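Take a look at the structure below.
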Ligand code: SF4
């Protein structure tokens, strides 16, 4: 869509008004990543979990934790460590050395349900009547409040306020009345609603469960004598393992000393709703989810954008790293050459030094710098995966123009965000979503682009074929 009125001046004024977000605040956040492993030969697993969590770091950066157990040691002897921070900040050689065991689970967290506090960090460890239980959860359950109240009425005392703790308590309560942890997990999974990928460690078993619609991803792999489960296949291959298959929606698996067992087969209703946003943005491009390569899906998304919103331009580029692959797809389809217009400084990590106002304004520049020779005098197509508040893309367009770009045409590889997600993704409140406040044409003006095109919902089928997907944050049609 062409902008009716070019509002570069308006955008410039806007950017002078102190409201410039960090790049990280401008994206939708996934809530969590999970990783579990069982070494049949009794090898130590803490270092492998650490490597797996590093590969899943993009799914959550607020807190992380590892819980391990030695299946030959005293029963219930679980070792755990969790803290606020990145995997590489929290775990060091000395910390990992203390985590002795051949079975374990790990977690990276970004909070949506429950606050960003250490009490909500995972894995959650419970000591209860039947022993010890640890749980790592990715997702959100929609009936957590009711369940929590029921559990509290029967005497449960919670440390934090996350729905994951509610699930852990529910499993513990069910375990007291069941003959095995597998049965307890089966009972709990029938009650909880929403999106979830669960890893449950009882001292001798690793139980794995995925929600009946397959909203959250979870897959199974093998590394020598070990079974691995992880949110994404990139975590399995990053530790040198081999991807076996996805855990089926509604399936419950148990890994014990005897090997891998199917506890519960996929849900009979064939209804599925895999989160489309895994393919658009969350998942790493080297992952394969439910049979579809994330990289290939993004290439096809870029191609679909080029077909729907062609434009005369000299160069196609993407916002690093979120828009790069779709930009390659746009370039392949349109024939317009792909170039890297931004250099990303990978060494600008999180900082605990409070920036001044001016430094905050320069924060995007500190991370991304324009390659002037690529854009000077050129008509540029700029691709990204989403626009949340619009501030970062406005800043990038401004930077491209300052470096001499003649025109900047923005293409977004997702439809406008309009509705919240209840399944474990941090879509900001309606008032913060620019698409809820402004029309596409007004957004185009607001960000200072020459034209703006969002992916059409009909084009999801180009990305993921006939895979049934959840797209509720775009169309308000919630599968649960
Ligand atoms: S509402 Fe959006 S982000 Fe949430 S699961 Fe559905 S597609 Fe994914």
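The values are calculated or read from the model by the stated rules, or taken from the named source; none is laboratory data. Computed from a predicted model, the values in this text were never measured in an experiment. All Cβ positions, even for glycine, are placed from backbone atoms using ideal geometry, and neighbour counts span all protein chains on display.
Here are a few things to note about the model shown:
- Residues in the range 359-381 that are at pLDDT 90 or above and in contact with a helix residue (DSSP H, G or I) (Cβ under 7 Å, 6 or more places away or on another chain) were compared, and the one that is surrounded by the most Cβ atoms within 10 Å (Cβ to Cβ) is 381.
- Test: residue in the range 392-399 that is surrounded by 20 or more Cβ atoms within 10 Å (Cβ to Cβ), touching a residue at least 40 places away in the same chain (Cβ under 8 Å) and within 12 Å of the ligand (Cβ to nearest atom): no
Yes/no per residue for (1) under 22 Å from residue 293 (Cα atoms); (2) at pLDDT 95 or above:
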{"site": "182", "(1), (2)": "no, yes"}
{"site": "201", "(1), (2)": "no, yes"}
{"site": "204", "(1), (2)": "no, no"}
{"site": "223", "(1), (2)": "yes, yes"}
{"site": "235", "(1), (2)": "yes, yes"}
{"site": "241", "(1), (2)": "yes, yes"}
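- Options 412, 383, 443, 387: the member that is touching a residue at least 12 places away in the same chain (Cβ under 8 Å) and under 14 Å from residue 341 (Cα atoms): 383
- Residue in the range 169-178 that is crowded, with 24+ Cβ neighbours inside 10 Å, within 16 Å of the ligand (Cβ to nearest atom) and touching a residue at least 12 places away in the same chain (Cβ under 8 Å) present: no
- Residue 444 near the ligand (Cβ under 10 Å from one of its atoms) and outside the structural domain of residue 215 (by TED's automatic domain parsing): no
- The condition (being within 16 Å of the ligand (Cβ to nearest atom), in a loop (DSSP other than H, G, I, E, B), free of Cβ contacts under 8 Å to residues at least 60 places away in the same chain and more than 21 Å from residue 326 (Cα to Cα)) is satisfied by just one residue among 419, 423: 419.
- Those residues of the range 447-480 which are in a loop (DSSP other than H, G, I, E, B) and away from the ligand (no atom under 16 Å from the Cβ), in sequence order: 448, 449, 450, 465, 466
- The range 283-301: number of residues that are touching a helix residue (DSSP H, G or I) at 6+ places or on another chain (Cβ under 7 Å), in a loop (DSSP other than H, G, I, E, B) and away from the ligand (no atom under 14 Å from the Cβ): 4
- Residue in the range 205-218 that is over 24 Å from residue 174 (Cβ atoms), in contact with a helix residue (DSSP H, G or I) (Cβ under 8 Å, 6 or more places away or on another chain) and touching a residue at least 24 places away in the same chain (Cβ under 8 Å) present: yes
- Among (1) in a helix (DSSP H, G or I); (2) surrounded by 14 or more Cβ atoms within 10 Å (Cβ to Cβ); (3) at pLDDT below 90, the one test that residue 322 misses: (1)
- Index of the failed condition, residue 388 passing every other in (1) more than 16 Å from the ligand (Cβ to nearest atom); (2) within 19 Å of residue 318 (Cβ to Cβ): (1)
- The residues of the range 73-84 that are touching a strand residue (DSSP E or B) at 6+ places or on another chain (Cβ under 7 Å) and assigned to a loop (DSSP other than H, G, I, E, B), listed by number, are 75, 76, 77.
- Some residue of the range 269-282 being within 16 Å of the ligand (Cβ to nearest atom), assigned to a loop (DSSP other than H, G, I, E, B) and surrounded by fewer than 20 Cβ atoms within 10 Å (Cβ to Cβ): yes
- Residue within the range 233-252 that is within 16 Å of the ligand (Cβ to nearest atom) and either touching a strand residue (DSSP E or B) at 6+ places or on another chain (Cβ under 9 Å) or at positive phi (or both) present: yes
- Condition check for residue 186: in contact (Cβ under 8 Å) with a residue 40 or more places away in the chain, surrounded by fewer than 19 Cβ atoms within 10 Å (Cβ to Cβ) and in a helix (DSSP H, G or I): yes
- If the condition is being part of a strand (DSSP E or B) and closer than 22 Å to residue 277 by Cβ, then the range 200-237 contributes 209, 210, 219, 229, 230.
- Considering only residues in the range 426-441 that are within 16 Å of the ligand (Cβ to nearest atom) and surrounded by fewer than 20 Cβ atoms within 10 Å (Cβ to Cβ), the one that is nearest to residue 248 (Cα to Cα) turns out to be 426.
- Members of the range 118-134 that are touching a residue at least 60 places away in the same chain (Cβ under 8 Å) and more than 20 Å from residue 179 (Cβ to Cβ): 122, 123, 134
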